[in-house]
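Novice: Dropping the structure in here first, questions after.
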Amino acid sequence: VTSPSLSSPAGAPARTRAGDLVVVGIGQLVTFAPLAEAQRWTGLTEDDLGALGPDAYVGIAGGKVTQVGRGPLPASLASLPRLDARGGLVVPGLVDAHTHAIFGGSRAHEFAQRLAGATYQEIAARGGGILSTMRATRGASDAELIAGLERRIARAASLGVTTLEVKSGYGLSVAEELRLLRLLAKARAEAQVTLEVTCLALHAASPEHPTLAAYVDACVRELLPAVAAEGLAQWADAFIERGYFGVGDVAPYAAKARALGLGLRLHADEFSDAGATGAAAAWGAASADHDQFASDAGIEAMAAAGTVATLLPGTSLYTAIPFADAKRFKRRGVPVALATDFNPGSCLVDNLALVAGLGAVHCGLTPVEALAAVTFVAARSLRLEARKGALVPGYDGDLAVYADLPDASHWLADFGRTPPSAVVAGGARVAGAS
Ligand SMILES: [Zn+2]
């Protein structure tokens with residue numbers, strides 16, 4: 001177990017992969033080399049795709065990209081196992097930087113309640129919502145929770161995702177949050193894809209504590225120190241929203257998390273302007289997520305602090321809440337990522353390519369921005385931009401092959417309909433039929 005460090009909240013890779021592979025016959029290879037070389041995540045133009053092809057190749061040795069080019073295969077790659085892209089598109093492995101993929105039970109009954117006009121907050125007030133999943137999660141065995149998580153990770157991988165952030169948050173007591181985080185840490189050590197683990201203890205009020213302040217205090221005094229001591233998570237998160245946690249409630253938790261070397265990513269201003277984006281920036285958060293009701297001042301603070309805006313349009317599609325306007329963030333120089341927000345209540349959308357399409361149509365991202373938002377910029381939101389989200393020498397050998405899609409414009413217009421024909425993580429095949 002490595003102890004988290006302040007300078008690199010994401011920590012070391014969970015496991016060493018050593019796959020060797022060369023992908024040949026690529027019609028279009030998206031490298032994002034201009035972004036990776038400049039370590040830049042704003043002001044994107046078509047050139048930033050760093051597209052190569054036709055007849056492009058990617059060589060991976062020891063789990064890392066070693067060579068990228070086009071034309072005849074260099075002798076140094078000739079002996080590697082080959083994967084044929086059959087003239088299709090290859091992109092960096094997709095990065096889903098916001099999921100709630102460990103939980104028990106189902107909230108399908110709430111879907112009909114919402115169709116009958118109930119809001120997210122009204123469903124929660126009736127004992128549904130997050131507390132309903134908390135009860136089902138507490139009632140599930142470790143084996144059941146792990147089996148569900150592994151199913152969801154495998155499904156994400158089949159859709160091109162090679163890096164996945166997963167939050168706790170359905171335990172809602174020190175002991176139950178620790179149980180989820182220990183299961184996630186174990187999954188991280190064993191998964192073929194890269195997992196980033198986030199402690200979302202402040203997801204809703206805890207039934208065991210009489211006040212929000214008492215629960216926050218227990219998290220600060222007991223939970224976060226245990227998380228750091230056991231190396232269970234790389235990140236801490238909180239649901240900052242009217243009726244949940246206010247900025248003042250979360251401040252001691254955010255300060256403790258930072259002091260222990262955990263990075264911060266926060267649920268911010270989804271239903272109302274709770275001042276969360278400004279607070280996220282002030283606390284040095286890597287990412288502020290949702291952001292529909294971010295104030296202008298909050299967005300300007302994010303730009304100054306380098307906080308990524310991670311927009312979650314799948315939730316807007318699923319629950320008919322407003323889409324975030326990416327142009328407000330782009331105009332001020334805030335990097336924009338997209339993620340699924342996959343969770344049992346407010347977003348069953350787990351298809352990140354579909355989310356990229358939603359980000360283009362409903363949030364106002366250009367095609368190149370939409371693809372970067374689920375690869376390189378998403379990696380930046382996880383502080384993994386030095387090794388994820390681009391295909392250049394030295395980066396992790398994570399990629400998705402779409403033999404049936406000729407280029408990136410077809411990928412975006414396809415709206416997530418066509419799954420990758422092959423998915424590679426750390427140079428090893430993890431999904432795909434061919
Ligand atoms: Zn969320």
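The values are calculated or read from the model by the stated rules, or taken from the named source; none is laboratory data. Quick caveat, the model's predicted, so the values are computed rather than measured. Note: ideal-geometry Cβ built from the backbone for every residue, glycine included; neighbour counts use all protein chains shown. All accessible areas refer to the heavy atoms of the entire protein, side chains included, with ligands and DNA or RNA removed. Shrake-Rupley method; radii C 1.70, N 1.55, O 1.52, S 1.80 Å.
Novice: Please work out which residue is nearest to the ligand (Cβ to nearest atom), limiting yourself to segment 331-346 and to residues that are closer than 17 Å to Ala156 by Cα and in contact with a strand residue (DSSP E or B) (Cβ under 6 Å, 6 or more places away or on another chain).
Specialist: Asp341
Novice: Also, quick follow-up: Within the set of pairs 6 or more residues apart or between chains, which connect a residue that is farther than 17 Å from Gly357 by Cβ and at pLDDT below 95 inside segment 398-413 to a residue that is crowded, with 24+ Cβ neighbours inside 10 Å and β-branched (Val, Ile, Thr) with Cβ atoms less than 7 Å apart?
Specialist: none
Novice: Confirm whether Gly298 is closer than 21 Å to Phe32 by Cβ and more than 16 Å from the ligand (Cβ to nearest atom).
Specialist: So Gly298 does not fit the description; no.
Novice: Could you tell me how many of the residues in segment 84-117 are open to solvent by 10 Å² or more (accessible area, probe 1.4 Å) and of a type in the set (A, V, I, L, M)?
Specialist: Qualifying residue count for the region: 4.
Novice: Check Ala124, Ala143, Ala157 and return the single one that is more than 16 Å from the ligand (Cβ to nearest atom) and open to solvent by less than 40 Å² (accessible area, probe 1.4 Å).
Specialist: After applying the criteria, what remains is Ala157.
Novice: Within segment 15-47, take every residue that is in contact with an Asp or Glu (Cβ under 9 Å, 6 or more places away or on another chain) and at pLDDT below 95 and give me the one that is surrounded by the fewest Cβ atoms within 10 Å (Cβ to Cβ).
Specialist: Per the stated criteria, the residue is Arg15.
Novice: Related question: Filter segment 299-315 for residues that are part of a strand (DSSP E or B) and either open to solvent by 20 Å² or more (accessible area, probe 1.4 Å) or among the β-branched types (Val, Ile, Thr) (or both); which is farthest from Arg40 (Cα to Cα)?
Specialist: Thr310
Novice: Tally up the residues in segment 347-357 that are surrounded by 24 or more Cβ atoms within 10 Å (Cβ to Cβ) and either within 18 Å of Ser106 (Cβ to Cβ) or within 16 Å of the ligand (Cβ to nearest atom) (or both), please.
Specialist: Final tally of qualifying residues: 2.
Novice: Wholly within segment 49-165, which helices (runs of 4 or more DSSP H) include no fewer than the required count, namely at least 3 residues that are modelled with pLDDT of 95 or more? Break it down stepwise before answering.
Specialist: Values: elements: 108-115, 120-125, 130-139, 142-158.
Counting at least 3 such residues, we get 130-139, 142-158.
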